[in-house]
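Structure record follows, encoded as structure tokens.
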Ligand SMILES: Nc1ncnc2c1ncn2[C@@H]1O[C@H](COP(=O)(O)OP(=O)(O)OP(=O)(O)O)[C@@H](O)[C@H]1O
Ligand SMILES: [Mg+2]
């Protein structure tokens, strides 16, 4: 929830994702990796999801696209253009209206030339022209289309994945760490493309651990910690620590180079050792016993936060 009146493109409410695992072959355990997560993207918005490694960012992307592994259970509501997504509906939209720029370049088929993959085997003149334009935009030579994935560098493969996503006429792009391996200019190009795409009235969910990058292009930032959004804030709130709401977001802010590079001790808890109540409790300078209760999400100044002491 926020103060934005624009229409929702994506709305995720109360998403939980857990894995069924067997310990020592017998005891079945449920590992809850995402819990009670809310995130939204409105028309014209680029929303960045930032969080540490293992916080559940890729699982969020896979949950939206309906491509979670079989030992995974998801609950909650995911709506696209105000329509609740069913497994059948997401299959129709996936790769067309909702596209993924995957985190791993292994999503490319090793046995097919990358040009054919980007075009989805279509041979029409207009499709070929669009593919060539995208390759030029991302600094790939025309002949790259004739290569197999193993012949590409990591950066080239990532630019191929970006081209593949942009080939369609999507309404929502979910980009999962799209920039590692790219040199600065290519990364900035990709971000510019996402920004222009959102400005046309579409939506982008940009998943990244690079908060500086997110602050440059996003309208709103959703901060992930141990499987949930602890804060959703307009990007302008990051100009000063005083306008941020959650102690973890404030710690991220202090760790930015322009704010003194101050490290924050401790680590995100492992899914098997989740503390009671607030997942940030054990690291939080404001911790009290009340933080061991369930922490509801509250709306403060056009943003959301899960902290009982937020103001
Ligand atoms: N197939 C699986 N079985 C069990 N646990 C899994 C599986 N896939 C992911 N996890 C766990 O779920 C958690 C979230 O994983 P996820 O890949 O979404 O993290 P992430 O935020 O994308 O991390 P990164 O920044 O490294 O990409 C991790 O603790 C991971 O170990
Ligand atoms: Mg990931």
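The values are calculated or read from the model by the stated rules, or taken from the named source; none is laboratory data. These numbers were taken from a predicted model, which means no experiment stands behind them. With ideal geometry, Cβ positions are generated from the backbone for all residues, glycine too; neighbour counts draw on all protein chains shown.
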Mind checking which residues of the stretch 176-200 are surrounded by fewer than 18 Cβ atoms within 10 Å (Cβ to Cβ) and within 16 Å of ligand 2 (Cβ to nearest atom)? 180, 181
What are the pairs, 6+ residues apart or on separate chains, where a residue within the stretch 50-77 that is in contact (Cβ under 8 Å) with a residue 12 or more places away in the chain has its Cβ under 7 Å from a residue that is part of a helix (DSSP H, G or I) and more than 13 Å from ligand 2 (Cβ to nearest atom)? 50/211; 50/214; 65/90; 66/87; 66/90; 66/91
Restricting attention to the stretch 7-29, report how many residues are surrounded by 12 or more Cβ atoms within 10 Å (Cβ to Cβ), modelled with pLDDT under 85 and over 22 Å from residue 226 (Cα atoms). 0
Strands (runs of 3 or more DSSP E) completely within the stretch 210-311 that count 1 or more residues being within 16 Å of ligand 2 (Cβ to nearest atom) and under 30 Å from residue 186 (Cα atoms): 220-225, 228-234
Taking the stretch 167-196 and keeping only residues that are in contact (Cβ under 8 Å) with a residue 60 or more places away in the chain and within 17 Å of the chain's Cα centre (by Cα), one is left with 170, 171, 172, 173, 174, 175, 176, 177, 178, 194, 195
Here are some conditions: (1) more than 30 Å from residue 151 (Cβ to Cβ); (2) part of a loop (DSSP other than H, G, I, E, B). Residue 19 meets all but one. Which one does it not meet? (2)
